Amino acid sequence: MADLLTAPKGTYDILPEQQPLRRWVIAIAEDVFTRYGYRRIDTPMFEDTRLFLRGIGEATDIVRKEMYTFTDLGGRSITLRPEGTAPVARAYVEHGMHTLPQPVKLYYHSPMFRYESPQAGRYRQHYQLGVEAFGSSAPELDAEVIGLLATLYRELGLRQVELRLNSMGCKECRPGYSKALRSYLSQNFDGLCAECRERTRLNPLRTFDCKVEGCRGLLADAPRLPDYLCAPCRGHHERVKACLELQELQYVDDHTLVRGLDYYTRTTFEFQCSLLGAQSGIGGGGRYDDLVATIGGPPVPGVGFGTGVERILLALERSGVQGPRPASPVVYLVALAESARSAVFRLAHELRQAGICADLDYVERSPKGQMKQAGRSGARYAFILGEEELATGVLTVRDLTTGEEQRLDAAAAGKLARAAARQASTAFTE
RNA sequence: GUGAACGUAGCUCAGUUGGCAGAGCACUGGGUUGUGGCCCCAGCGGUCGCGGGUUCGAGUCCCGUCGUUCACCCCA
């Protein structure tokens, strides 16, 4: 026990009993994504490190201290994917998707890797569901992406979800704001915490995340991003809001909402769920009109989001949402005598070939033990074989829901099992 | 990276001022020569995270270390 190996820090096993709820969430997500016209893409779990350096931005926390980067045996610098947008953008460029009818709408469900300190809802490997739409700068697309995510949360039955919205401006107007903010921060440098002094130099917009009392006070009087937006950005933002209202979506304007990835332009948004505790962000994203060009592609705009599967599951559990019941066998086979084991094994094979889910004992349990397993397995019927049945060529078929028993030949028993299997599968799809 | 709390059976947890390692659940068998769920009985299962120290004696006290959890930070 002393040297027992465990899952690496910040990782976890997804156990059989946890699978149904997770698979249900993913199935609903894929249904919603498909309904909005998005198609699935899978990209490698690791990429050339330069993709993330250029795409996410070298000043971000993700790139500076959270990437799993290593040199492979060929001397290449490789990084485990920390987020989904840059890899999908890379695939878009690499496969010439800018020549397809635009926009190109893609979705993914993939593990992400970040070297973080684990806590509730935060892991070193976590799964994200996300969408990316390339090739249109229409504000309707921003609003659609946001509406799509809101629809997903609603169909999952999540409660207490709030949408926060901001515009980050574009490369025309944001530099002017950054300059004004940096200048304001520099004038009040003595009142800032050590970290915000660093942020002033690297990425002044991030100071809005600071929770230190003194910094918050100073930032309350800081220049506001909305006052610096250029006319096109302002118009875009107004149209996004109008389209949110067309979808009857509530949102909170938050001009301090700055996300941790440098590629965002114009729209940024984040859904927060108060059921989650400290890691309240359940999903977020925005527009990234310069990303594709930054990683070496044509100047193609885009917009998308990522949402954390573990945080959705956590919120669902705290909302009391139950997953679907795990599948049970239709038939459990019981050998009452040692001499019946071969016939039972043979019968299990035949049932399975006929498409019926059947299970049996493999550890030489007593008859009572086998019946106990049959009951626990959730099977509809126990097919019982002992010396009497072997001699007369029939099966004892016990209906485990009613306890009634009858003697049937193999053909009649198979018919019964097929009927029960059909019933079980229709119950599942409903 | 920083701080706090917690590490005892597969799981959830008791364990008094330091004095024989416990319970419930789960698992296996029996109670019924060939029959599940409920009940009863029995069994299986532990280097008390790991390493040092104090002590006649440490699960218990001290130090270190690793891990988990929560929070900061950041994000999904």
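Scan the range A:345-353 and give yes if some residue there is in contact (Cβ under 8 Å) with a residue 12 or more places away in the chain, under 26 Å from A:Gln19 (Cβ atoms), surrounded by 13 or more Cβ atoms within 10 Å (Cβ to Cβ) and not assigned by TED's automatic domain parsing to the domain that holds A:Leu276, otherwise no.
yes
Considering each of A:Gln370, A:Gln406 in turn, give the residue that is more than 6 Å from RNA strand B (Cβ to nearest atom), surrounded by 19 or more Cβ atoms within 10 Å (Cβ to Cβ) and not in a loop (DSSP other than H, G, I, E, B).
A:Gln370
Test each condition in (1) closer than 19 Å to A:Val330 by Cβ; (2) touching a Ser or Thr at 6+ places or on another chain (Cβ under 7 Å) for A:Ile356 and report the one that comes out false.
Condition (2) is where A:Ile356 drops out.
Would you check if there is a residue in the range A:324-335 being in contact (Cβ under 8 Å) with a residue 24 or more places away in the chain, buried (at least 16 other Cβ atoms within 10 Å of the Cβ), of a type in the set (A, V, I, L, M) and within 11 Å of RNA strand B (Cβ to nearest atom)?
Taking every residue of the range A:324-335 in turn, at least one turns out to be in contact (Cβ under 8 Å) with a residue 24 or more places away in the chain, buried (at least 16 other Cβ atoms within 10 Å of the Cβ), of a type in the set (A, V, I, L, M) and within 11 Å of RNA strand B (Cβ to nearest atom).
Among the residues that make up the range A:360-367, is at least one of them in contact (Cβ under 8 Å) with a residue 60 or more places away in the chain and closer than 30 Å to A:Pro20 by Cβ?
Scanning the range A:360-367 turns up no residue that is in contact (Cβ under 8 Å) with a residue 60 or more places away in the chain and closer than 30 Å to A:Pro20 by Cβ.
Which residue out of A:Thr268, A:Thr294 is more than 20 Å from the chain's Cα centre (by Cα), assigned by TED's automatic domain parsing to the domain that holds A:Arg159 and within 23 Å of A:Leu141 (Cβ to Cβ)?
A:Thr294
Give the residue that is surrounded by the most Cβ atoms within 10 Å (Cβ to Cβ), with candidates limited to residues of the range A:102-139 that are of a type in the set (A, V, I, L, M) and over 17 Å from A:Leu314 (Cβ atoms).
Among those that are of a type in the set (A, V, I, L, M) and over 17 Å from A:Leu314 (Cβ atoms), it is A:Val131.
Restrict the check to the range A:69-90 and report whether at least one residue is among the β-branched types (Val, Ile, Thr), farther than 20 Å from A:Phe271 by Cα, at pLDDT below 95 and within 12 Å of RNA strand B (Cβ to nearest atom).
no
What residue, among those in the range A:61-96 that are β-branched (Val, Ile, Thr) and within 13 Å of A:Glu47 (Cα to Cα), is surrounded by the fewest Cβ atoms within 10 Å (Cβ to Cβ)?
Per the stated criteria, the residue is A:Thr71.
Name the residue, out of A:Leu360, A:Leu313, that is surrounded by 18 or more Cβ atoms within 10 Å (Cβ to Cβ) and outside the structural domain of A:Leu129 (by TED's automatic domain parsing).
A:Leu360
Give the range A:26-60 a look and list any residue that's assigned to a loop (DSSP other than H, G, I, E, B), at pLDDT 95 or above and open to solvent by less than 80 Å² (accessible area, probe 1.4 Å), or say none.
A:Tyr36, A:Gly37, A:Tyr38, A:Ile41, A:Thr43, A:Pro44
The values are calculated or read from the model by the stated rules, or taken from the named source; none is laboratory data. Bear in mind that the values here come from a model prediction, so they are computed numbers and not experimental data. A quick note on method: Cβ atoms are made from the backbone with ideal geometry, for glycine too, and the neighbour counts reach across all protein chains shown. The protein model used for the area step is the full one, side chains on, heavy atoms only, and it has no ligands, DNA or RNA in it. Shrake-Rupley method; radii C 1.70, N 1.55, O 1.52, S 1.80 Å.
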